[in-house]
1. Read through the list (1) modelled with pLDDT under 95; (2) hydrophobic (A, V, I, L, M, F, W, C); (3) within 10 Å of the chain's Cα centre (by Cα), then give the number of the only condition that Ile45 fails.
2. So how many residues does the stretch 48-59 have that are open to solvent by 80 Å² or more (accessible area, probe 1.4 Å) and either of a type in the set (Lys, Arg) or under 11 Å from the mean Cα position of the chain (by Cα) (or both)?
3. For the subset of the stretch 1-29 comprising residues that are more than 25 Å from Gln80 (Cα to Cα) and among the polar types (S, T, N, Q), which member is surrounded by the fewest Cβ atoms within 10 Å (Cβ to Cβ)?
Amino acid sequence: MSLLQEIKLGGVVDSTHQGLLFILCALCPEDVSKVRVGKLSSYGIKTLQHIKEFMGVQFSIKPDPVTGTVLLTCIGSGFQNLYRKVS
């Protein structure tokens with residue numbers, strides 16, 4: 001899909017990088033994360049399934065008919081890097 005078509009869909013990332021954004025939202029601190037994407041890609045949907053299966057984080061998916069986008073909300077898992085030195 002071309003860049004102009006991706007921009008027209010109205011999301012904050014293109015369809016190729018939706019999965020990465022969902023993983024980052026799932027790994028963030030235990031707080032609400034909201035993200036708006038254009039049309040959900042098959043890769044994004046599969047990533048959401050893997051996140052639910054492996055991390056136990058479930059996204060709330062609400063389509064917005066006015067803008068034609070999809071709003072996803074989740075509460076992060078609070079993952080912390082155990083190897084990071086605390087100063």
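1. Of everything listed in (1) modelled with pLDDT under 95; (2) hydrophobic (A, V, I, L, M, F, W, C); (3) within 10 Å of the chain's Cα centre (by Cα), Ile45 misses just condition (1).
2. 2
3. Ser2
Yes/no per residue for (1) open to solvent by 50 Å² or more (accessible area, probe 1.4 Å); (2) more than 11 Å from Ile23 (Cα to Cα); (3) aliphatic (A, V, I, L, M):
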residue	(1), (2), (3)
Ile61	yes, yes, yes
Thr67	yes, yes, no
Gly78	no, yes, no
Tyr83	yes, yes, no
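The values are calculated or read from the model by the stated rules, or taken from the named source; none is laboratory data. Predicted, not measured: the structure shown is a model, and the values here were computed from it. With ideal geometry, Cβ positions are generated from the backbone for all residues, glycine too; neighbour counts draw on all protein chains shown. Please note that ligands, DNA and RNA were not included when accessible areas were found on the heavy atoms of the full protein model with its side chains. Shrake-Rupley method; radii C 1.70, N 1.55, O 1.52, S 1.80 Å.
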